Each structure stands twice: as C-alpha cells, then as structure tokens.
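The structure appears below as structure tokens.
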Amino acid sequence: MLAGAWEARTAGALAALIMVVSFGASGQANAQGGPLKIGVLTDMSSLYSDNGGPGSVVAAQMAIEDFGGTVLGRKIELVSGDHQNKADVGGALVKRWIDNENVEMILDVPNSAVALAVQGITRDRKKLFLATGAATSRLTSEECSPTGIHWTYDTYALSQGTAKAVSKLGVKSWFFLTADYAFGAQLEADSRKVIGADGGRVAGAVKHPINTPDFSSFLLQAQSSKADAIALANAGGDFINAVKQAGEFAITRDQKLVGLLVFIADIHSLGLPSAQGLILSSAFYWDLNDETRAWSARFIARTQKVPTMIHAGTYGAVMHYLKAVQSANTIDGPAVAKRMRELPVNDFMTKNGKIREDGRLVRDMYLFKVKSPKESKYKFDYYHYLATIPGEEAFKPQEEGGCPLLARK
C-alpha cells in the first residue's frame, strides 16, 4: 500500500514536471516567435520635442512600413516613451521595456545625459541602442558599447563644421553660452579645441540650466565680454529663446551669434527675419536633392512639419537595423550590432556610410547658411548650401577617442 501510494505520488509529480517543462518550452517558443519590439525614447513635450519627439515616432513607423512590417516571420512593433529630459526617468523606462516588455532596440534619445544612462543599461543587457538624437561624442569614446551606435551627428562633428567655418570668417574671440549638462559641456570642449587650433581665443563662458526661459543675465555677460562671437552651446527651446532675447538686446549689431547645434525646426520657430545669416552644420537638409525631397514630402504629408536630421536619422537607423536582423537571421543584440557594422549604410540621407568599431557612423556633414526672407522662394526654403564636410574629416578618428573596445583587440 505504501509502495502504491509512493508510485502514485511519483507519477503525479512526474506529470506535473512534464507540464511545467512543456509550458516553459511553449512559452519560450512563443517568446521566440513573438513580435520584434523597437522603442523610441524621446522628448515628447519639452524643449527638444520639435527636433525629435512625435516626429521620430512617425519616422520610425515609416521605416517599419517601408521594410514590410515583418522580419524573420515576426511582426515589428513600435513603442514610444517620454524621458522628460531626466536620466533617471529615461533609465527606468528602458529597464522596464527590456526586462518586462521584450524590447530589443532603443533609439532617438535627444538628451545626452539620458543617452549616456541608456548606453550603460543597454550595454549591460546586450541590447541595441541607436543614438539618433543625442549629441555627446562620449558615446563613442570612454562610454562606447559593443551594442551602441551613434548614428546622426555628434559634438565633435558640429565643432568641426560650424566653429571652424566661423573662425575662417575672421572671428578671433569667443564667448560660450552653454547648457549645463553633458551635451553642452562636451560641445563647448570640442569647440574650444577647434578654436584654439585656428588661432582663436575664448574670452569667457557661462553655463545656464536646461530649459531656461530668461537668458538676460547670461547674454549681458556675453555682451560685456566684447567677444567677436557668442557661441550657443545649447539646442532646441534653449537655442530659440537665446536667439530671440539676443535680438531684443540688439547684441547682433556688434557681435556674431553662432549656433553650434541648430535644427531646421528651430529656424522655422524663429522665422527667417530672426535667423537669417546664421551658419550651421547639419547631417541632413530636406531640400538637398531629389531623394531627400521625396522622403521629406512623405514625412511632411503625415506630420505637417519639416523633418530634422534626427527624424531622417531615425528612419535610416531603423531601416539599417532591420536589414541587419534579416541578414544575421537573429535578433540577438551583439550579433545584430556586429552585422550592422559590416553592412554599408545607404539611404536617402547617407551614402556609403560605415559604422566603425567604436560605434560611430561615419557620414558626410554639410555646412549651410540661413536665407533671408527675400531669398526664400517656397515653404521651408531656409538654407543656402555652402559645403560638404567629408565624414573622415567631420568625425574624430576612433584612435583618438579612447574607446575601450579598441584597447581589447
């Protein structure tokens, strides 16, 4: 009787074990065959929302649709979230996406402090991070990652374009008005090196909090420095407010105002009367050629807004990622990142781009000058093309960046 009871209990336990194993295998199979999730982490409602924000979500969705909506038999799903320009908020959201919602790739993140936090999280969890909106060159230097790719532009390339071009116009002394966080600090540091190399000097600098409504005290310090140029090492709403208030103080009568990171959405918000004459660097302009115009027409039809380089970069990054997933026949983060580095990048924005070992996508940058109201002939006709800056000149050589991945080889 005891033997029979033991056998019954053993048989029951064995059956339960089989059920658990079967359920686990079934759950694993379902997870493997579930949707491929991509997460757009951006600024939905604050100072960077026009440059990334909802437009980045639209651009990513366009890429998914153009790819066909599925890859490796999986439906491609897009999720999005607002990081509120806070590293802890963005980091918590990314952890939830990866740990609980099976998101495989994160992109956009137009805030360098948030982007550095995301880089660390995705590095640890071996998931893809495509920084299409962040600027700091630290993402491919000391903070580089095997699964991190810096896609659109960076602080080094912006300084190589704008600061160098303005220096060649005869500007010898500079004053920096800098956003007080990772992006502003790195943009000022990279620009100082260019200015020094070109024989210029920095007359002074002041830092301002992010999302500042009143720049009067900072602008008065810049004005009193008597510097030839005031360099705005900020972006989005901060850049727009600084330019508007500089006009109110009539600062531009005697000093040049130089935007080190300027988006076409900023120009649209300012209007050509306020923005005319600004020299700027960009990785993309909607009206550059037939291909850029064709894609931009589709984007404008869906959003009624002019696309920025972040929007165009987000589309290209998603498309290249999906091509790499298909080519590598896996969604494994390190394997897909490796394949992305092996494949050349070719789309309406980038020709023969190459993703280096440190994660930097090397592509051409462009130098533009903002048109006057009289020179603009149609909607969003804002830029004069000045020059192309070849990718190998625009971006810092990876040997000089200090990326730990290179030291391991």
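Report whether or not LEU219 is buried (at least 18 other Cβ atoms within 10 Å of the Cβ) and over 23 Å from TYR156 (Cα atoms).
Details: buried (at least 18 other Cβ atoms within 10 Å of the Cβ): yes; over 23 Å from TYR156 (Cα atoms): yes.
Yes, satisfied.
Taken over region 299-333, the criterion of being at negative phi, of a type outside the set (A, V, I, L, M) and more than 21 Å from the chain's Cα centre (by Cα) is satisfied by ARG302, GLN326, SER327, THR330, ASP332. For region 62-82, taking the residues that are in contact with a strand residue (DSSP E or B) (Cβ under 6 Å, 6 or more places away or on another chain) and closer than 21 Å to PRO307 by Cα, the one that is surrounded by the most Cβ atoms within 10 Å (Cβ to Cβ) is identified as ILE64.
Tell me, which residue of region 70-120 that is polar (S, T, N, Q) and part of a strand (DSSP E or B) is nearest to ALA324 (Cα to Cα)? Even if it seems obvious, please write down each step before you answer.
Of region 70-120, the ones polar (S, T, N, Q) are 70, 80, 84-85, 100, 102, 111-112, 119.
Checking which are part of a strand (DSSP E or B) leaves us with 70, 80.
Numbers: THR70: 13, SER80: 22 Å.
The qualifying residue nearest to ALA324 (Cα to Cα) is THR70.
Residue-wise test of (1) over 22 Å from TYR321 (Cα atoms); (2) buried (at least 20 other Cβ atoms within 10 Å of the Cβ).
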{"site": "LYS338", "(1), (2)": "no, no"}
{"site": "GLU342", "(1), (2)": "no, no"}
{"site": "THR350", "(1), (2)": "no, yes"}
{"site": "LYS354", "(1), (2)": "no, no"}
{"site": "ASP358", "(1), (2)": "no, yes"}
{"site": "TYR366", "(1), (2)": "yes, yes"}
{"site": "VAL370", "(1), (2)": "yes, yes"}
{"site": "SER376", "(1), (2)": "yes, no"}
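Test VAL57 against the criterion of being free of Cβ contacts under 8 Å to residues at least 60 places away in the same chain and crowded, with 19+ Cβ neighbours inside 10 Å, and give yes or no. Walk me through it before giving the result.
On the way: free of Cβ contacts under 8 Å to residues at least 60 places away in the same chain: yes; crowded, with 19+ Cβ neighbours inside 10 Å: yes.
The answer is yes for VAL57.
The rows are residues; the columns are (1) modelled with pLDDT of 95 or more; (2) of a type outside the set (Asp, Glu).
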{"residue": "GLU143", "(1), (2)": "yes, no"}
{"residue": "PRO146", "(1), (2)": "yes, yes"}
{"residue": "HIS150", "(1), (2)": "yes, yes"}
{"residue": "THR162", "(1), (2)": "yes, yes"}
{"residue": "ALA165", "(1), (2)": "no, yes"}
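Look at (1) of a type in the set (A, V, I, L, M); (2) over 14 Å from the mean Cα position of the chain (by Cα); (3) not assigned by TED's automatic domain parsing to the domain that holds PHE176 and you find that ALA163 fails only one, number (3).
In this structure, is ARG192 among the basic types (Lys, Arg) and either within 23 Å of the chain's Cα centre (by Cα) or under 30 Å from MET62 (Cβ atoms) (or both)? Show your work before the answer.
On the way: among the basic types (Lys, Arg): yes; either within 23 Å of the chain's Cα centre (by Cα) or under 30 Å from MET62 (Cβ atoms) (or both): yes.
Here the answer is yes, as ARG192 does meet what is asked.
Does ASP99 satisfy the condition of being buried (at least 22 other Cβ atoms within 10 Å of the Cβ) and charged (D, E, K, R)? For ASP99, the condition - buried (at least 22 other Cβ atoms within 10 Å of the Cβ) and charged (D, E, K, R) - is not met. When ASP254, ASP266, ASP238 are screened for being at pLDDT below 95 and in the same structural domain as VAL206 (by TED's automatic domain parsing), only ASP254 passes. Across region 259-276, the qualifying residues are those that are within 21 Å of the chain's Cα centre (by Cα) and aliphatic (A, V, I, L, M), and the one among them that is surrounded by the fewest Cβ atoms within 10 Å (Cβ to Cβ) is ALA265.
The values are calculated or read from the model by the stated rules, or taken from the named source; none is laboratory data. Just so we're clear, the structure is a prediction, and the values are computed from it rather than from any experiment. With ideal geometry, Cβ positions are generated from the backbone for all residues, glycine too; neighbour counts draw on all protein chains shown.
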